[in-house]
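What follows is a set of notes on a single structure, which appears directly below.
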Amino acid sequence: MDQYGKDVIQKFLDVCNEEQRTHILAHITANLWNFVEIACSTTGSFVVKKLVQTLETRTQVSSLMVALTVNFVTLVKNERGYHVILECLNRFTVLVNKHIYFETIKYNVDLATNKYGCHVLQQCIRISDGMLKKTLIVDLLEKSLMLAQDLYGNYVIQCILEQEIPHVNSVLAAQFEGRYVHLSMQKCSSHVVEKCLEFFNYIDRSKLILELVLSCHFQQLIQHELGNYVIQVALRVSRGRIRDVLVKAIKPHEANLRNNPFSRAIFSSKYYKHRSTF
């Protein structure tokens, strides 16, 4: 944990043999609370990441995984500790990282709303597949409305949408239905609505756009500092008749709002101009 000593240990790990590396690992993980302190410290985290990068044998990796998962939440919620977990996710296979995944599933909602935990959760979702990916996601769907409006949880919902799992996105569409206008005018959730427009299937995307267009707050949405971006994305991703409906709904507001600082970009968009004759 010394600012200079850590460099020496990292060099050791680069050049030592397996027996010596095992000895260093055993020493660092002998006391699991001390290990957490090392992994969460400014200097010690570099050593633990180097350890992850240089371990080769199954026994070494298994010992490290035990140390990482005993105080998993503490590590993941730390500004330096979470980098250690990400290093493992990027270096080892899903099977080797199984304990990390199990712990992430156990605390997924808690991690989703944490500044550092949300990064680990997103990476787990991205690199997993099959049943493991579904298990990571399923509990989050029940809290999706809350997470979409959360400072950090919204990134997790965006990540889920990007996976383009049809039945998952359909569940999210059902959760958000009737709330799109409200979500479009909030800092965090407006980004989620933009992702919905990009990754929903044609039917769910069309329902979303119609909900915006038919709202009594549509004019407010067009000139809103956040809502206008949602409309711009809707123009960009919509096709055919649903785009015509959207452009037709925007056009009556053009005269009054063309010089509005927030709605100006909508009226100058090539996607609006492309079909602005009715």
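What follows draws every value from the coordinates through simple rules; no lab data is involved. All values derive from a computational prediction rather than experimental measurement. Ideal geometry is used to build each Cβ from the backbone, glycine not excepted, and the neighbour counts take in all protein chains shown.
How long is the gain from F12 to L210 if the chain were fully straight, where each residue apart is worth 0.36 nm and the alpha carbon distance is subtracted?
65.0 nm
Between I165 and T42, how high is the FRET efficiency from 1/(1 + (r/R0)^6) when r is the Cβ-Cβ distance and R₀ = 35 Å? Nearest 0.05.
0.35
With θ set to phi - 60°, apply the Karplus curve 6.51 cos²θ - 1.76 cosθ + 1.60 along region 149-161 and write out the HN-Hα couplings as whole Hz, x wherever there is a Gly or Pro.
These are the phi-based 3J(HN,Hα) values: 9, 8, 4, 10, x, 4, 5, 5, 5, 4, 4, 5, 4 Hz.
Let me check against my output: what whole-number percent is the relative contact order of the chain, with C-alpha pairs under 8 Å and at least 6 apart?
Once normalised by length, the contact order is 11 percent.
For the pairs K207/K248; K11/K106; K98/K143; K49/K187; K77/K98, flag any whose C-alpha to C-alpha distance is greater than 28 Å.
K11/K106; K49/K187
Can you give me the distance in nm between label points at D139 and Q20, each placed 7 Å from the Cα along the Cα-to-Cβ direction?
The answer from the label model is 4.3 nm.
Where the centre of each part is set by its Cα atoms, how far does region 140-183 sit from region 3-35, in angstrom?
Measuring centre to centre over Cα atoms gives 43 Å.
Find how much the distance from D129 to A265 grows on full extension, using 0.36 nm per residue of separation minus their present alpha carbon separation; answer in nm with one decimal.
45.1 nm
Given the -39500 (n - 2.57) contribution per DSSP H run of 4+ residues, what per-residue ellipticity at 222 nm results for the chain, rounded to the nearest 500 deg cm²/dmol?
-20500 deg cm²/dmol
Straight-line reach from K6: which aspartates and glutamates fall under 16 Å, measuring Cα to Cα and dropping same-chain residues less than 8 apart?
Excluding near neighbours in sequence, the set is D14, E37.
Pop a pseudo-label 7 angstrom from the Cα along the beta-carbon direction at both Q220 and T59 and give the gap in nm to one decimal.
6.7 nm
So what's the angle, to the nearest 10 degrees on a 0 to 90 scale, between helix 240-250 and the longest Cα principal axis of the chain?
Computed tilt is about 70 degrees.
Could you tell me how far the Cα centroid of region 216-243 sits from the Cα centroid of region 60-80, in Å?
Distance between centres, Cα-based: 44 Å.
Which log10 I(q)/I(0) values, to two decimals, does region 102-178 give at q = 0.13, 0.19, 0.27 Å⁻¹ under the Debye formula with one point per Cα?
For the requested q values the scattering log ratios are -0.31, -0.69, -1.44.
Relative to the longest principal Cα axis of the chain, at what angle does helix 130-142 sit, 0 to 90 degrees, rounded to 10?
Its long axis makes an angle of about 60 degrees.
List, largest first, the extents of the alpha carbons of the chain along their principal axes, each in whole Å.
77, 38, 27
Determine by what factor the alpha-carbon radius of gyration of region 25-117 differs from 2.2 N^0.38 Å, reporting the quotient.
0.98
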